[in-house]
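Taking it in order: structure first as structure tokens, then the write-up.
The values are calculated or read from the model by the stated rules, or taken from the named source; none is laboratory data. Please read all numbers here as calculations on a predicted model, not as lab measurements. Cβ placement follows ideal geometry from the backbone for every residue including glycine, while neighbour counts extend to all protein chains displayed. Ligands, DNA and RNA are stripped out before the accessible areas are found, and what is left, the full protein with its side chains, is counted by its heavy atoms. Shrake-Rupley method; radii C 1.70, N 1.55, O 1.52, S 1.80 Å.
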Amino acid sequence: MTASVGRTSWPALGVVVAAAALAPLVFTDFFVSVILTKSLWLGVAAASLIFLSAYGGMVSLAQVGIYGVAGMTFANLVVADGGAAAAWSPWIATIAAIVVAVAVGLFFGVIAARSVGIYFLMITLAFSVLVYYFFSQVTQLSGFGGVNNPDLPSLVGQPGQDPAPLYYTTLVVAVLVFLGLRYVSRAPFGLALQGLRDEPARMRALGFNVTRHRILAFTLAAFIAAVAGVLSVWYNGRIAPGSINLAQTIDILIIAVIGGLYRLEGAWVGALTYALLDNYSREWTPTVGDVLGAERFNTILGVVFLIIVLLSPGGLVGLWERVRGLGGRGPGPPGEVAREPAPAEAAK
Amino acid sequence: MSGSSQTPLDPAAGGVTDARGATAAEEAVEARAAGAPRRWTVTRVALGLVAAVVVVWLVVKASEDLRQFAVVSLNGITLAALFFVVASGFTLIFGLMRVVNMAHGSLYLLGGYLALEMQDSWFKEEVGGLGISLAGEAGAEYDLVGWLVPLVLATLIIGVLGVIMQQVFLRWNQGQDLRQALITIALSVIFADQMLAAFGGISKDIKTPTDWPESIALPGDVRFGFFRGVIVLGAAVLIGLLLWWLITRTRFGKIVRAGVDDREMVSALGINVQLVFAAAFFLGAVLAGLGGVLGGTMISLAPGEDTSFLLNSLIVVIIGGMGSLAGAAIGALALGLVDAYGDVYLVFGDTDLTNYSILLTFALLVAVLAVRPLGLFGRPA
Amino acid sequence: MKGIRLLALIGAVLALGLVAGCGDDDDGGGGGGGGDQAAEGGGDTIKVGFLSDCEGAFGSFFEPTASGFNQALIDKAGAKPASKKPSEGVTGATVAGKQIQIVGYGCSDGTADKAIEETRRLVEQEGADILVGPLSGDEGIAVANYAKDHPDKTFINGIAGAQDATLKVQAPNFFRYHPDGAQWSAGLGDYAYNELGWKRAAIIGDDYSFPYTSLAGFVAEYCAIGGKITKRIWAPLGEKDYSSYISQIPDDVDGLYVGIGGSGLINFVKQYKQQRGEVDTDRMMGNVFWDDPLVLKEVGNDLVGGTTSAMTAADSDDPDVTAYIDRLRKSYGKELAGLGPSVFTYGYYTAGQALIKGLEAVNGDISDQKKLQAALAKVRLSGDEAPYGDVRLDENHQAISDVFLKRIVKDKTGDGVADVATFRRIPEVNQTFGGFFTAEAPPPDRNNPTCEKRQPPPWVGKAEEVSFGT
């Protein structure tokens, strides 16, 4: 049952990263920033969701809430317009933001880890909404109109003027997140997690503390989400309750599903697709009465999402692998291996 | 479970259904944990103390201004009535089919909008005017028929729409509950955007019949809205009783109850499960649509109300326990009262915390989950 | 094997991006099919981006705002509407011999993040030299901040009313030709205290920045003269059931200022009626939303008797006003013309007028936008450029203009919708309320500004009574 451990080869990763590193030379500043940088940090957020889903069998909607906590904490701790403006150094604020968000994630995990499947989905959804309402109401922290112009580390320069430093920073973080999560998934912790996903009863019988393991996984994912939250503030140059509302929660889920819920790579494939759709569908879309048009982006996104869910639960990555699978018989998506009904299903 | 025979036909189901394979197993495990005898843990004692403090606080506040307390309590109860109507449909569908219909809020809002459109275009008594597109309904008058017919028709249309949704999108992947939830999320995104395009972003409301009183006078100089206090509350009680009768006294109800406990066995007994599923989805959607018409008359219709009522339904059933009608009633009451009291009584001396009242809802949620992970009346699948 | 597959996949997605990323240089036509009649002619074309909301709470105002902006081009730049749907664009707009190309009708959802994304798309991708927008408060602050970082572009606010966008951000290239949220409330405090005799008042509002701003305008003036605010009630964002908040309105006040706009108002009115028997509108004032044509249509008849204020007056019989509505009707038909007095349409209209005047002043030469910005700072709008009243800017590029007090009255025109009767003009309302609001003062919030008697704003006592069409 170790099938879903990533099988990305090093050369492929190397080539992709090298190609990505060259992007600022090829593309306009706008494209590097609004499409690529955004895809990278959205991908990190989606990766935290995919990690939980692929290896832990937990589809969490709390990731946006957690990254909201990180983003808001960061924005409040540095010099900014609005919020607490505590004027800490951006790096210390970054670390503090991640620590706070991980602590919140741990707390959420303790409550949610005993629930599974669809219950888990709903409870984590409630967490995200809770964070949104919290910051909507506690305006001392969200600065009435959001927290604007936070002080950023000098490393990323002035993203508004030159997007390249932030882009490279985000790229490095994304690669580290990818490699880190892949490493974890192959380490004993990750293997045990996959065991819990597939055979919780047996794992419990083997002496594993199922709940504690799930809490740990959730906390690790919270760490990744927290990183994405800080990156989002660096990218947007602001954070407001509207940045972490329910629509954003659903968008992150859509990104993960479009990319593919069971492969980490899917996070970035989904994020890039989302960013491209978001930006360019406004030009491509023909106007059809009130039903379709440039301002109906959400309809298009919803339809794409629906088609992906209907045709390929493995997302674009899964679709690709299936198309390939029709030719040379590759191993296919990992999930197929586990297709015989789980004993638990029969027990139902 | 009934869907398992289909899943192997769909190899692409992949990792997504892996997740739910684990779900089933975990649920079984959790069942034992949740079914364990109640213990007096620290958590329980602490929560009991908090509850006692809350009650004392309410008594103190109520004695200060009894009239306000009556109004606020009525607000909470009537809001709970509306939540119950909507959430009972949600919990019914889940209880039988394990489908979390994330488009339930969309059905709610669409039901309201459809009724509004019908009332507007069929029953508006022309007040003269130029008939230009800006002519509003604000001065129009409606009789009972002008409210009742849109209610019935809109509700039925939403029911049929629910069945279509189930047949087209959900029937063939029964048992893959996560995938079904994702499908309904996708549908809700599309619905929300299309409703914005069709009905605009301005709040609208369905008008009550003109000869209904605006408010009723209660003992102690308390005024309360007639529609809220009589119609919505009455409808909720009636629906509660009807559902209770349906679930406990009819063949359909027996099948539903059996299905909640053991779906495998129900289909093995040769019952046409598909028909029952379609009927349950119809009923669930009807309740959403009916809620939309009641809510659109009692409060208003606007973009965002779909997600807001989906969330309310989610919270109600998470508190009450998914699939349980009694749970939906208790959950709705808890949510409605916490909302209403929090809006007014979160004042401690000079510290006014009423702006944070919405967070109380979540405190309630967390407290319930900490003690009963499956909700107050939740039973393991 | 696996690696190659993944590589190919990512390559394919990247290639898609590449096509898209480079393709935009070829087709200048922006989102929404903005007029792509203009050739890629470098110096001969002035590219303008339009930004409004088509989703979220203000989604309904997308076409009205577009109609307002387009109408300015139709009036003064020889443009023709491309269709009856304003966001389809205009054709043939020229100013000082330069073609005006609308590179896109950008659409936000009321959040600052989305507004900035759309701004970036229009400015950085579609190459807009000038941006007109956005619509709502928080978006305005974000765009003003963005403007500060992009001094080589010029930004003219659409109808976003947040005070901070000009008062605090003070971007040299961001201009607002309409009063802000607090200015819209000017004159109400004077009227309440001195005419209606409100000695004590309560305020109730939705708990976010726009209501804070409109209430700040009321409080600043009302308290300066001597009024007392005894209770401030804020209903959390997204609250649809105001009953519990209504039950907190004290009985011992003379009046109530209602800062509930847009989607909440209909609920507030309904629940107020239920709890108190009727909406005692003669004891109520409302913010700028109250007499917006779309809102009147939904709840107007319940608001009859209430007082409100803004820089437009729907019943005005000034020839410039009637001509403005007529022109809108000719371009976009009755429905959109009916929204002409809406501040949303009108704000974008004056933005367009100011832009054209600024461009004419520099003879269409935007090679150095500093010159355009200097010209815009001096623009004064009058006559048919600003039919509801003259506009000039202060040193923060914020409009100083007249504000009208209006009462909502029973239907006069026979369409079943309540109408508006304007009864006062407050002359020359400025942003600071006579030095009260400053860049250093805390921004309006739940408790700010505090209620203090002090030097009243300069217009107190100078209001002139007006009466239209009687």
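Some observations on this one:
- Leading residue by the ranking (farthest from the other protein chains (Cβ to nearest Cβ)) among those in region B:250-281 that are assigned to a helix (DSSP H, G or I) and at pLDDT 90 or above: B:ALA279
- Extreme residue, nearest to the other protein chains (Cβ to nearest Cβ), among residues of region A:278-299 that are surrounded by fewer than 19 Cβ atoms within 10 Å (Cβ to Cβ) and hydrophobic (A, V, I, L, M, F, W, C): A:VAL291
- Top-ranked residue in region B:299-312 [being in a helix (DSSP H, G or I) and not aromatic (Phe, Trp, Tyr); ranked as nearest to C:GLY264 (Cα to Cα)]: B:GLU305
- If only residues of region C:319-343 that are more than 30 Å from C:LYS270 (Cα to Cα) and among the basic types (Lys, Arg) are counted, the one that is farthest from the other protein chains (Cβ to nearest Cβ) is C:ARG327.
- Lone qualifier among B:GLY327, B:GLY331, B:GLY284, B:GLY296 - being within 30 Å of C:GLU55 (Cα to Cα), part of a helix (DSSP H, G or I), away from chain C (no Cβ under 14 Å) and small (Gly, Ala, Ser): B:GLY284
- Cβ pairs under 7 Å, 6+ apart, first in region A:287-298 and farther than 13 Å from B:LEU196 by Cβ, second of a type in the set (D, E, K, R): A:ALA294/A:ARG282
- The residue list C:SER263, C:SER244, C:SER214 contains one member that is among the polar types (S, T, N, Q), without any contact (Cβ under 8 Å) to a residue 24 or more places away in the chain and not assigned by TED's automatic domain parsing to the domain that holds C:SER342, which is C:SER244.
- Matching residues, region C:288-318, being more than 14 Å from chain B (Cβ to nearest Cβ) and not small (Gly, Ala, Ser): C:VAL288, C:THR307, C:THR308, C:MET311, C:THR312, C:ASP315, C:ASP317, C:ASP318
- For region B:21-31, the count of residues that are out of contact with any helix residue (DSSP H, G or I) (no Cβ under 8 Å at 6 or more places or on another chain) and modelled with pLDDT under 50 is at least one.
- Entry remark, region B:368-381: residues being of a type outside the set (Val, Ile, Thr) and open to solvent by 30 Å² or more (accessible area, probe 1.4 Å) number 7 in total.
- The listed residues are C:ALA361, C:ALA351, and the only one of them that is surrounded by 21 or more Cβ atoms within 10 Å (Cβ to Cβ) and not aromatic (Phe, Trp, Tyr) turns out to be C:ALA351.
- Flag for C:THR413 being polar (S, T, N, Q) and within 19 Å of C:PRO86 (Cβ to Cβ): no
- Any chance A:ALA70 is buried (at least 24 other Cβ atoms within 10 Å of the Cβ) and within 14 Å of chain C (Cβ to nearest Cβ): no
- Being within 14 Å of chain A (Cβ to nearest Cβ), in contact with a strand residue (DSSP E or B) (Cβ under 6 Å, 6 or more places away or on another chain) and either assigned to a loop (DSSP other than H, G, I, E, B) or closer than 23 Å to C:THR45 by Cβ (or both) is not true of C:PRO179.
- Applying the set (1) among the small types (Gly, Ala, Ser); (2) open to solvent by 10 Å² or more (accessible area, probe 1.4 Å); (3) away from every other protein chain (no Cβ under 12 Å) to A:ALA46 leaves exactly one unmet item: (2).
- Single residue of B:ILE358, B:ILE315 found to be hydrophobic (A, V, I, L, M, F, W, C), within 12 Å of chain C (Cβ to nearest Cβ) and part of a helix (DSSP H, G or I): B:ILE358
- Scanning region C:97-116 for residues that are under 11 Å from A:GLY242 (Cβ atoms) and touching a residue at least 60 places away in the same chain (Cβ under 8 Å) yields one hit, C:ALA115.
- Within the span defined as region C:306-324, one or more residues are over 30 Å from C:GLN101 (Cβ atoms), open to solvent by 10 Å² or more (accessible area, probe 1.4 Å) and without any contact (Cβ under 8 Å) to a residue 24 or more places away in the chain.
Residues are listed down the side, and each one gets a yes or a no for (1) within 27 Å of A:ARG114 (Cβ to Cβ); (2) of a type in the set (Val, Ile, Thr); (3) under 19 Å from the mean Cα position of the chain (by Cα):
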site: A:LEU25; (1), (2), (3): no, no, no
site: A:LYS38; (1), (2), (3): no, no, yes
site: A:VAL44; (1), (2), (3): no, yes, yes
site: A:GLY56; (1), (2), (3): yes, no, yes
site: A:TYR67; (1), (2), (3): yes, no, yes
site: A:GLY71; (1), (2), (3): no, no, yes
site: A:PHE74; (1), (2), (3): no, no, yes
site: A:THR94; (1), (2), (3): no, yes, yes
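- Candidate set: region C:60-92, residues that are open to solvent by less than 10 Å² (accessible area, probe 1.4 Å) and among the hydroxyl-bearing types (Ser, Thr, Tyr); chosen: the one farthest from C:PRO341 (Cα to Cα): C:SER87
- Complete set of residues in region B:201-237 that are under 30 Å from A:ILE300 (Cβ atoms) and either more than 9 Å from chain C (Cβ to nearest Cβ) or open to solvent by less than 20 Å² (accessible area, probe 1.4 Å) (or both): B:GLY201, B:SER203
- The helices (runs of 4 or more DSSP H) found entirely in region A:246-327 that carry 3 or more residues being within 27 Å of B:PRO303 (Cα to Cα) and under 16 Å from the mean Cα position of the chain (by Cα) are A:246-259, A:265-284.
- Annotation: B:VAL99 fulfils all but one of (1) part of a loop (DSSP other than H, G, I, E, B); (2) closer than 30 Å to C:LYS412 by Cβ; the unmet one is (2).
- Residue within region C:97-113 that is assigned by TED's automatic domain parsing to the domain that holds C:GLY137, of a type in the set (Gly, Ala, Ser) and open to solvent by 50 Å² or more (accessible area, probe 1.4 Å) present: yes
- Within region C:153-176, the residues that satisfy the criterion of being more than 11 Å from chain A (Cβ to nearest Cβ) and in a loop (DSSP other than H, G, I, E, B) are C:LYS153, C:ASN157, C:GLY158, C:ILE159, C:GLY161, C:GLN170, C:ALA171, C:PRO172, C:ASN173.
- Within this structure, A:LEU246 passes the test of being within 22 Å of A:SER232 (Cβ to Cβ) and within 8 Å of another protein chain (Cβ to nearest Cβ).
- Given (1) surrounded by 24 or more Cβ atoms within 10 Å (Cβ to Cβ); (2) within 9 Å of chain A (Cβ to nearest Cβ), number of the condition C:GLU117 does not satisfy: (1)
- Top-ranked residue in region C:187-216 [being of a type in the set (Phe, Trp, Tyr) and in a loop (DSSP other than H, G, I, E, B); ranked as nearest to the other protein chains (Cβ to nearest Cβ)]: C:TYR208
- Each residue in region A:101-117 was checked for being crowded, with 24+ Cβ neighbours inside 10 Å and aromatic (Phe, Trp, Tyr), and 1 of them qualify.
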